[in-house]
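K.L.:
Before I ask anything, here is the structure I am working with.
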Amino acid sequence: MSISPTEQIRNCKSCASDLAPGALACANCHTLVHAQELACLTATAKTLENDGQLRQAREQWLFALQLLPPSSKQADWIKEKTHALEIAAEQTEVPESENKWANKLGPVGPIAIVLAKSKALLVAVFKLKFLLSFASFLFIYWALYGPLFGAGFASMILIHEMGHFLDIKRRGLPAEMPVFMPGLGAYVRWQALGVPLETRAEVSLAGPLAGYLACVACGVIWWQTHNGVWAALARSGAWLNIMNLIPVWVLDGGQAALALDKTERILLLTACLGLWLFLGENVFFLVALGAGWRLFTKDMPVHGSRRTAIFFLAVLTLLGLVLRLMPGQGFGAI
């Protein structure tokens with residue numbers, strides 16, 4: 001699951017025209033929707049840069065980038081700016097003390113510096129909140145289902161969340177490492193303000209896609225070893241990822257459905273009913289119910305995303321194929 005705080009602005013502050021959901025500029029007068037936020041972010045970024053805090057300044061520019069139309073000249077300028085700041089930050093992050101140690105240690109000096117930097121990187125990436133929450137998450141499922149299934153199940157949730165995280169990071173957007181809540185699930189927090197609906201949908205669907213790949217890996221191990229635990233992991237992982245694609249609330253399916261217009265939501269409903277009837281898996285009926293409900297909500301975009309609809313249906317179908325091929329029924333836990 002990915003959590004992205006957003007603020008919907010309905011009308012242009014300049015000409016009062018209606019704005020399409022997720023719009024970054026007014027179609028009528030071309031005024032930037034988030035001009036105030038952009039001014040604040042720009043001022044903060046310049047202050048940080050003047051103080052020598054280059055990485056923090058780069059983060060502020062990246063937040064600003066989300067509020068600009070991707071094809072705008074301002075967005076192109078910010079991309080060049082963030083690239084230059086990244087290079088400058090890397091050049092200034094080798095303290096003089098490290099150079100002295102490198103000279104004293106001779107041939108092993110560069111190795112020592114790399115190890116020191118690797119340690120700093122690991123501390124930055126694997127934050128305490130992530131480690132502690134995953135450790136407690138792992139402990140709960142280990143105690144409930146035994147070491148192999150418990151560790152495997154927790155790892156599959158981790159792979160799902162890393163699917164969100166890596167997809168966000170590859171787009172150059174800031175995101176926090178996953179946080180796990182034993183018995184409830186996990187989430188990745190990121191800033192989606194101003195990000196197009198289609199991009200948000202793809203980030204939401206990246207988790208279930210990564211979850212599908214984890215299910216396939218478990219299915220292959222089961223096929224090779226004939227150990228039923230791996231089949232149970234594949235089935236339970238597929239079932240859980242399909243549940244997460246129910247288009248309601250903050251579930252991944254709910255976030256992805258924001259990019260679908262009425263026709264695409266009807267297509268999703270029809271496809272889920274077909275998968276339910278063909279596979280006999282009741283979880284698809286739940287997805288169909290969610291799709292039916294989204295036909296009557298007031299969050300339909302003026303223009304849908306065919307790409308998102310295809311992505312959504314492909315992930316659902318692939319996960320259904322896992323359920324079809326794995327022995328067992330329903331959730332599949334042992």
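The values are calculated or read from the model by the stated rules, or taken from the named source; none is laboratory data. All values derive from a computational prediction rather than experimental measurement. Note that each Cβ is placed from the backbone with ideal geometry, even for glycine, and that neighbours are counted across all protein chains shown.
K.L.:
Can you work out which of the residues in the range 164-191 that are among the basic types (Lys, Arg) and either in contact with a strand residue (DSSP E or B) (Cβ under 6 Å, 6 or more places away or on another chain) or modelled with pLDDT of 90 or more (or both) is farthest from residue 58 (Cα to Cα)?
P.N.:
Only one residue fits best here, namely 189.
K.L.:
What pairs come up if the first residue lies in the range 142-169 and is over 21 Å from residue 189 (Cβ atoms), the second is small (Gly, Ala, Ser) and part of a helix (DSSP H, G or I), and their beta carbons are under 6 Å apart, counting only those six or more places apart or on different chains?
P.N.:
Once the first residue is over 21 Å from residue 189 (Cβ atoms) and sits in the range 142-169, its partners that are small (Gly, Ala, Ser) and part of a helix (DSSP H, G or I) give 142/150.
K.L.:
Regarding residue 70, is this residue more than 22 Å from residue 170 (Cβ to Cβ), touching a residue at least 60 places away in the same chain (Cβ under 8 Å) and either of a type outside the set (S, T, N, Q) or surrounded by fewer than 17 Cβ atoms within 10 Å (Cβ to Cβ) (or both)? Walk me through it before giving the result.
P.N.:
Values: more than 22 Å from residue 170 (Cβ to Cβ): no; touching a residue at least 60 places away in the same chain (Cβ under 8 Å): yes; either of a type outside the set (S, T, N, Q) or surrounded by fewer than 17 Cβ atoms within 10 Å (Cβ to Cβ) (or both): yes.
Spelling it out, it is not the case that residue 70 is more than 22 Å from residue 170 (Cβ to Cβ), touching a residue at least 60 places away in the same chain (Cβ under 8 Å) and either of a type outside the set (S, T, N, Q) or surrounded by fewer than 17 Cβ atoms within 10 Å (Cβ to Cβ) (or both).
K.L.:
Which one is nearest to residue 310 (Cα to Cα), of the residues in the range 200-253 that are of a type in the set (Val, Ile, Thr) and surrounded by fewer than 21 Cβ atoms within 10 Å (Cβ to Cβ)? Walk me through how you get there before you give the answer.
P.N.:
Step one: of the range 200-253, the residues of a type in the set (Val, Ile, Thr) are 203, 216, 220-221, 225, 229, 242, 246, 248, 250.
If we keep only those that are surrounded by fewer than 21 Cβ atoms within 10 Å (Cβ to Cβ) as well, we get 216, 220-221, 225, 229, 248, 250.
On the way: 216: 20, 220: 26, 221: 29, 225: 34, 229: 32, 248: 19, 250: 21 Å.
Among residues in the range 200-253 that are of a type in the set (Val, Ile, Thr) and surrounded by fewer than 21 Cβ atoms within 10 Å (Cβ to Cβ), the one nearest to residue 310 (Cα to Cα) is 248.
K.L.:
Right, here's the next one. Restricting to the range 291-318, and then to whatever is touching a Pro at 6+ places or on another chain (Cβ under 7 Å) and modelled with pLDDT of 95 or more, can you tell me which residue is farthest from residue 265 (Cα to Cα)?
P.N.:
Step by step, filter the range 291-318, then rank; the result is 315.
K.L.:
Run down 330, 320, 219 and say which single residue is over 21 Å from the mean Cα position of the chain (by Cα), under 20 Å from residue 185 (Cβ atoms) and not hydrophobic (A, V, I, L, M, F, W, C).
P.N.:
Answer to the check: 330.
K.L.:
Also, I was wondering about something else. Listed residues 81, 117; which is modelled with pLDDT under 75, under 29 Å from the mean Cα position of the chain (by Cα), surrounded by 13 or more Cβ atoms within 10 Å (Cβ to Cβ) and over 19 Å from residue 190 (Cβ atoms)?
P.N.:
Result of the check over 81, 117: 117.
K.L.:
Between a first residue in the range 172-183 that is of a type in the set (D, E, K, R) and buried (at least 16 other Cβ atoms within 10 Å of the Cβ) and a second residue that is at pLDDT 85 or above and outside any loop (DSSP other than H, G, I, E, B), which pairs have beta carbons less than 9 Å apart while being 6 or more apart in sequence or on different chains?
P.N.:
Pairs found: 176/130; 176/165; 176/188; 176/189; 176/190.
K.L.:
Restrict the check to the range 199-222 and report whether at least one residue is assigned to a loop (DSSP other than H, G, I, E, B), modelled with pLDDT under 95 and either closer than 25 Å to residue 130 by Cβ or touching a Pro at 6+ places or on another chain (Cβ under 8 Å) (or both).
P.N.:
no
K.L.:
Testing residue 249 on (1) modelled with pLDDT of 95 or more; (2) part of a loop (DSSP other than H, G, I, E, B), one condition comes back false. Which one is that?
P.N.:
(1)
K.L.:
How many residues does the range 262-289 hold that are closer than 19 Å to residue 197 by Cα and within 23 Å of the chain's Cα centre (by Cα)?
P.N.:
Looking only at that region, the number is 3.
K.L.:
For the range 261-277, check the following and say yes or no: at least one residue is over 25 Å from residue 157 (Cβ atoms), crowded, with 22+ Cβ neighbours inside 10 Å and either of a type outside the set (Ser, Thr, Tyr) or modelled with pLDDT under 95 (or both).
P.N.:
yes
K.L.:
Mind listing whichever residues of the range 13-29 are of a type outside the set (S, T, N, Q) and under 24 Å from residue 261 (Cβ atoms)?
P.N.:
Across the range 13-29, the qualifying residues are 18, 19, 20, 21, 22, 23, 24, 25, 26, 27.
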